[in-house]
Every structure is written in structure tokens, then in C-alpha cells.
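Visitor: Take this structure first; my questions come after.
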Amino acid sequence: MAKHIFVTGGVTSSLGKGIIAASLAKLLQARGFSVTIQKFDPYINVDPGTLNPYEHGECYVTEDGAETDLDLGHYERFLNKPTSQANNVTTGRIYQTVINKERQGDYLGKTVQVIPHITDEIKRRARLLEETNNYDLIITEIGGTVGDIESLPYLEALRQLRQEIGSTNLLCIHLTLIPYLSAAKELKTKPTQHSVKELLQTGVQPDILVCRTEHPLTDEIRTKISRFCNVNKNSVIEALDAETIYDVPLLMLKEKLDVITLRKLKLKVGDEPEMIPWKTFLGKLKNPTNEVNIGLIGKYNELQDAYKSIHEAFVHAGAHNECKVNVVSIHAQSLEDSHQLSKLENLDGVLIAPGFGERGIEGKLNAIQYVRENNIPFFGICLGLQCAVIEFSRNVLQLKNATSEEISERAKHKVVHFIPEQATIKKKGGTMRLGAFNCKLKKNSHSAKAYGSTDISERHRHRYEINNVYVDDMKEAGLIPVGINPETKLVELMELKGHPYFVGVQFHPELKSTVENPHPLFISFISAALKYRQNQS
Ligand code: GLN
């Protein structure tokens, strides 16, 4: 039977439960355990696919086509293992399952209630991954902050589950904040005491406290937290603010979070974890020999989390190239005024981000024309490829007002149009073309060389595609469909002939980039940007 570790959060949101969960998982994996992580989100949306990125950051897509929380991206980037539909559960999905069962008559004669029906479903979901693989350990991150009304059923389910399977099979790690009052020059433990008290009210005693702090915890502070929160002193773990999220596993190793976890779960600690590849990556990340400036042109720029996986893929590919990647966020709308294109002058590469809707499109088109004509490396992802096709159709093929069906249903030249089966879909939740699909690359293309293969599989999330009616003309004029889905014939990847680096993809390569496997297209884009920069000087 798999053992369970639950991670809860207290005091405030955004403390980084996902990173702590992923870091612990990494250490346990590096000790030879088979481990997975799942996220329980207390909101009512069935999945985050219907959320604006401003609400909850990027929507992460798994191999099996689930639209999930961005923390799953961290899990994959750290563990280098894919997650699935089963790794993300929301309150909406829990209720949907229970209500569907009620309608089918599964509870006939009974009043359906939060306890036991909702909590039973939470417990069932918590253990679902036990059936799929022989995991030694399943880490479950409970979203939200202890004390929120909506977290209560999850904590109750956790309490019941611990009682059912025993405390050597289920461990609770509580992530909390130790604020520093600069006027008093003191770290304060009271918010943590309150947060643990809140947790205790639900009947859950945390076993380990991971304390986010800007300053090292003194022995005295550790003693105090231990005493007031009823946690062993060695289980008060310091989580100092780190330079990068990738430092956290090593910080947790230093604090022995993995060893304490294993001991409490009565598992063999064994040898030191094998962290050499991780350390090699960190070494390269921290000692770059070059740098490049990459423009990230999108429309959710105010929120870094909206393009989380893209930012992380740059970190991985940068480290691989021993190159610091300075990502310059540029609001697509600001480029609608062509005078603003001077913002692109000092860039060594431009990435046009994925997105939905009309806002910012014209600015993206201006940017693409600029980088196409000035031989600046270009990488377009999903909507980024679609924009490249629109720009090329308008300015090279001279198709006046060419556009995407997403922007204008009645336009004459819809060079990007609905994927056939998408045109009739009315429901918005979970209905896009989602998940992994195969793609065949042309031999000798930039991209096939980058991948080192002509057969690839990448993840998707879109409703529109390149209109095949125009593809021959594009090809003739130099925009080559280099990657095609072998079953549906959809264009998945295009490259511009004669340009040093101009690649647009219909899929989302950023979702598959990990510390141990940086994505080949990000690697090749960064190395093209480096070359461009060197040629400039
Ligand atoms: N809006 C476009 C589509 O649905 C692109 C989606 C995306 O960039 N993920 O096809």
C-alpha cells in the first residue's frame, strides 16, 4: 500500500506549497522511492480550463488531456514524470461526481451530505492513484489556506483517512509563515501558532512544520514553535527564501525534511539521495557564460504565473546553453502603435505567447513582421504560430485582411479556422483539442535536428488550426509546414525558409520541459538567440 503525505498551508496563500511538495517528492525519488503528487483545489470550477489566467495563472495540460492547476507543471518539472487527469481534483469535480451518483439513485433514500458523502468522495480520490501505479508514496497538496471555509471538507477527509489507515501511513506537513518585524528586528511565531490551532480545531495535528522565513530560524524560535505547536523540534523545518525554486530541494535536504518524513512513516532512509544531475543543472544555471534578451509578447504580462511553464522552459534551456535568459515581458497591445516596435531593437529573440481572443493580435502581427524582416529569432506557440500565419498571409501572400476565424467569422481569408469537429461545440469546459498528439517532422528541418528525431508527440490546447487550403501557397512562398499530424493532417509546426530561426508550433512545448529534459525547441531557440547576439557585436 502506498503511504500518504498531505501538505496543507497556513497564515497566507502563495507560500509555495507546490514547490515544497515537489521538492520533497524529488528528494524521495532521488532516494529510490516511487512517488507522485496530486493537487486538491477547493474551488467550484470542475477544472481550471474555464479560468482566465489572471485568476489562477496558467492552465497546465497533461498528456491525457486534462486541464489542470499550474502546480502540476512544477511536479512534472521536478520529477521528470508525467502527471494525469487523476492528479488534479477540484471541489467542483468532487460535487459533480456525488451529484451524478445521487441522480442515478446510488444514495436512494438517503440525505446526501458533506459528511459522509463529499468527504468519502475526497478520500476515494485521495487514494485513486494507489490503483494506477505501484507508488510507495503519494503526496497530496491541499490548495487554499487552513481556515478557509472551502478547505474544511478536505481537512475532515484528511482527519478521517489518517484515523482509517493509521499515522504511520499518513503524514501531515503544514507550511506556514514566520514573519519578520523589521522595527522589532524579530521573527514572530504567533501567526503559526494560530494557524496550527486552526488545523487542530479540525482534528488534524501536523507532524512537520515547514516555516517560510526571510531570516534563519534561531534555536530559540524552533523551541518555541515546537512547544506551542506540539511538533518535535527536529520537525520544525526552516524554509528560507531561495534564489530560485530549484534551490529548494537542496535546502530541504539540508534541513532533513526527507529523512524526518521517512522516519515518521517508518520507511527505510537508506543512502543519501542521488542529486548529481540536479546539482549539475543548478551549477550551470548559476554560472552562465553568456546572456540573451528574449521578448515574451503576450497579453497577461502583469502576472508571471500566466506564462509559468514558458518562463521555466527558458530557465531549463538557458542552463543547458550556459546562458542567462533575460525575459522581457512586452504587452502585445502596446505594439499596435508601430513606433513602439523600437522595444524590439535590443532583443535577441522573440516569443509570441499562446492566448485566446482578439485583444493584442494586431500588436503581435506587427512584432512578427518586424522579427521576420529583421532576421531576429522567432518562436511562436499556438496562437503565436497562428499569428505568424496571419502575418505571412497578409504581408507576403498579399491576402488582404487575412485573419483567424476566432477573430472574424465572416472574413474572406480565414487562414486559421476551426478544427472541423470544434465548429459545432457549444460547451466550453474541457472541449478543446487537448493532450498529446503525434507529429511527423520533415527530415533535415531545423526542428527535426533539434529533436534528433522525426517522430514527436506534444501536448495541445486549442480550437483553431492552420487552414490547409492556404498551406500550399504558404509553402511556395517559404513558410513551410514542417510538422504534420499523421492521422488528421493538421499542421503542427512551421518554419520559415531563409530566416535564421523562425519556428511556430501549434502545440505547447513548454509543458514538457523539465530540469532533466529541457525542451529541444527551447534549447534551439536560445542557441539561435545567442548566435544572433554574437553576430550583432
Ligand atoms: N486561441 C487559439 C485556439 O484556440 C490558440 C490557443 C492557444 O494559444 N492555446 O486555437
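Visitor: Can you tell me which of (1) in contact with a helix residue (DSSP H, G or I) (Cβ under 7 Å, 6 or more places away or on another chain); (2) assigned to a helix (DSSP H, G or I); (3) within 21 Å of G18 (Cβ to Cβ) is the one S151 doesn't meet?
Guide: Single failed check for S151: (1).
Visitor: Which residue, of K475, K489, K449, is in a helix (DSSP H, G or I) and either crowded, with 19+ Cβ neighbours inside 10 Å or out of contact with any Pro (no Cβ under 7 Å at 6 or more places or on another chain) (or both)?
Guide: K449
Visitor: If a residue counts only when it is of a type in the set (K, R), which helices (runs of 4 or more DSSP H) contained entirely in region 1-88 have at least 1 such residues?
Guide: 17-30, 71-79
Visitor: I'm checking my understanding of the structure. Among residues of region 486-510 that are in contact with a strand residue (DSSP E or B) (Cβ under 8 Å, 6 or more places away or on another chain) and more than 19 Å from K475 (Cβ to Cβ), which one is modelled with the lowest pLDDT?
Guide: E487
Visitor: Next up: Kindly list, by first and then second residue, each pair from a residue in region 485-505 that is among the basic types (K, R) to a residue that is part of a strand (DSSP E or B) and surrounded by fewer than 21 Cβ atoms within 10 Å (Cβ to Cβ), limited to pairs with Cβ atoms under 9 Å and residues at least 6 apart or on different chains.
Guide: K497/I480
Visitor: Which residues, counting only those in region 521-535, are out of contact with any Pro (no Cβ under 8 Å at 6 or more places or on another chain) and either in contact (Cβ under 8 Å) with a residue 60 or more places away in the chain or open to solvent by less than 10 Å² (accessible area, probe 1.4 Å) (or both)?
Guide: Within region 521-535, I523, S524, I526, S527, L530, R533 meet the criteria.
Visitor: Could I ask something else about it? Assess whether G498 counts as being assigned to a strand (DSSP E or B) and either more than 15 Å from the ligand (Cβ to nearest atom) or open to solvent by less than 10 Å² (accessible area, probe 1.4 Å) (or both).
Guide: No; evaluated as a whole, the condition is false for this residue.
Visitor: Has region 2-12 got any residue that is surrounded by fewer than 20 Cβ atoms within 10 Å (Cβ to Cβ) and aromatic (F, W, Y)?
Guide: Within region 2-12, not a single residue is surrounded by fewer than 20 Cβ atoms within 10 Å (Cβ to Cβ) and aromatic (F, W, Y).
Visitor: Could you list, in sequence order, all residues of region 140-198 that are of a type in the set (S, T, Y) and open to solvent by 50 Å² or more (accessible area, probe 1.4 Å)?
Guide: S167, T168, Y180, S182
Visitor: Here's a follow-up. I'd like the residue in region 337-386 that is within 16 Å of the ligand (Cβ to nearest atom) and open to solvent by 40 Å² or more (accessible area, probe 1.4 Å) and, out of all such residues, is nearest to K299 (Cα to Cα).
Guide: Restricting to residues being within 16 Å of the ligand (Cβ to nearest atom) and open to solvent by 40 Å² or more (accessible area, probe 1.4 Å), the top hit is R359.
The values are calculated or read from the model by the stated rules, or taken from the named source; none is laboratory data. Worth saying up front: this structure is predicted, and the values here are computed from it rather than measured. Glycine also receives a Cβ, built like all others from the backbone with ideal geometry; neighbour counts cover every protein chain displayed. Areas reflect the complete protein model, heavy atoms only, side chains present, ligands, DNA and RNA absent. Shrake-Rupley method; radii C 1.70, N 1.55, O 1.52, S 1.80 Å.
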